[in-house]
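A quick write-up on the structure given underneath.
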Amino acid sequence: WLFHAESGDYEKAWRELVKNNPMPAVMGRVCYHPCETACNRGSLDEAVSIHAVERFLGDLAIERGWRVAPGAPTNKRVLVVGAGPSGLSAAYHLRLLGHEVEIHDAGPIAGGMMLFGIPAYRLPRAVIAAEVARIEAMGVKIVLDHKISDVLAEKVAGQFDAVFLAIGAHIGKKTNIPARDAGKVLDAISLLEDVAKGEPPKLGRRVAVY
């Protein structure tokens with residue numbers, strides 16, 4: 001896809017890219033590009049900025065409304081639990097294979113940790129929405145505010161042939177600070193999620209960031 005992009009055939013580059021990655025506009029923004037450190041092009045002039053090209057192609061696809069067609073129908077139905085990056089990607093690839101897909105998520109909006117773990121200034125919400133809309137346009141049905149407590153019962157009720165669990169790991173890392181529960185200690189994931197929901201954290205006048 002980099003070759004096609006270099007040649008100026010941007011749609012062909014994007015279509016080659018999305019064979020594996022359904023959300024290049026997201027990936028091009030949040031990837032911290034470790035490959036650039038190891039890129040041997042750096043010894044000649046400078047490393048190839050893959051994430052920047054990916055972001056450019058992803059944004060161009062949104063601007064021009066490029067779509068991906070689903071595969072030939074298989075008459076198989078798959079339930080995906082969770083509308084985060086894993087669940088959305090699974091649904092996308094399952095549709096490429098021709099399966100019917102429904103995503104059920106307990107939250108009010110699709111995106112998962114892309115919404116609640118990454119600030120909007122780093123990943124604009126409109127970009128996430130556009131990438132999700134493209135996956136929906138392939139025929140993926142997304143059911144929100146729908147928490148599943150019994151997976152097997154949900155599978156039987158919806159007549160699904162398989163279930164993919166993509167409930168995520170919304171757990172922040174914590175440090176072993178003595179008597180940490182005696183003070184107000186927030187982990188990064190909880191803080192970012194509260195901010196994304198518009199719930200300001202209750203803090204004192206002085207804050208230490210570790």
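The values are calculated or read from the model by the stated rules, or taken from the named source; none is laboratory data. No experiment lies behind these values; they were computed from the predicted model shown. So basically every Cβ, Gly included, is an ideal-geometry build from the backbone, and we count neighbours across all protein chains shown. Accessible surface areas use protein heavy atoms only, side chains included; no ligands, DNA or RNA. Shrake-Rupley method; radii C 1.70, N 1.55, O 1.52, S 1.80 Å.
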note = Here the residues within segment 139-151 that are under 17 Å from the mean Cα position of the chain (by Cα) and either under 22 Å from Asp194 (Cα atoms) or exposed (fewer than 15 other Cβ atoms within 10 Å of the Cβ) (or both) are Lys141, Val143, Leu144
request  = Among the candidates Ser86, Ser7, Ser49, single out the residue that is in contact with a His (Cβ under 8 Å, 6 or more places away or on another chain) and hydroxyl-bearing (Ser, Thr, Tyr).
outcome  = Ser49
task = Could you tell me which of the residues His4, His33 is over 30 Å from His99 (Cβ atoms) and touching a residue at least 12 places away in the same chain (Cβ under 8 Å)?
result = His33
request  = Working carefully through the options Pro119, Pro124, Pro108, find the one that is of a type outside the set (A, V, I, L, M, F, W, C), in contact with an Asp or Glu (Cβ under 8 Å, 6 or more places away or on another chain) and within 26 Å of Leu192 (Cα to Cα).
outcome  = Pro108
request  = Sort through Glu136, Glu154 and tell me the only one that's modelled with pLDDT of 95 or more, surrounded by 13 or more Cβ atoms within 10 Å (Cβ to Cβ) and in contact with a Leu (Cβ under 8 Å, 6 or more places away or on another chain).
outcome  = Glu154
task = Please enumerate the residues belonging to segment 163-210 that are open to solvent by less than 90 Å² (accessible area, probe 1.4 Å) and touching a helix residue (DSSP H, G or I) at 6+ places or on another chain (Cβ under 8 Å).
result = Val163, Phe164, Ala166, Gly168, His170, Gly172, Ile189, Leu192, Glu193, Ala196, Pro201
ask   = Restricting attention to segment 123-130, does a residue exist that is surrounded by 15 or more Cβ atoms within 10 Å (Cβ to Cβ) and not in a helix (DSSP H, G or I)?
value = yes
inquiry  = Whether any residue in segment 180-202 is part of a loop (DSSP other than H, G, I, E, B), touching a residue at least 24 places away in the same chain (Cβ under 8 Å) and within 20 Å of Ile103 (Cβ to Cβ) is what I want to check.
reply    = no
request  = Please verify whether segment 114-121 includes one or more residues that are open to solvent by less than 70 Å² (accessible area, probe 1.4 Å), in contact with a strand residue (DSSP E or B) (Cβ under 8 Å, 6 or more places away or on another chain) and either within 30 Å of Val78 (Cα to Cα) or basic (Lys, Arg) (or both).
outcome  = no
ask   = Does Ala47 satisfy the criteria of being touching a Cys at 6+ places or on another chain (Cβ under 9 Å) and among the hydrophobic types (A, V, I, L, M, F, W, C)?
value = yes
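Name the helices (runs of 4 or more DSSP H) wholly within segment 14-111 that hold at least 3 residues that are farther than 27 Å from Ala162 by Cβ and open to solvent by 40 Å² or more (accessible area, probe 1.4 Å)?
35-38, 50-64
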inquiry  = So if I check each of Gly65, Gly58, Gly42, which one is out of contact with any Lys or Arg (no Cβ under 7 Å at 6 or more places or on another chain) and in contact (Cβ under 8 Å) with a residue 24 or more places away in the chain?
reply    = Gly58
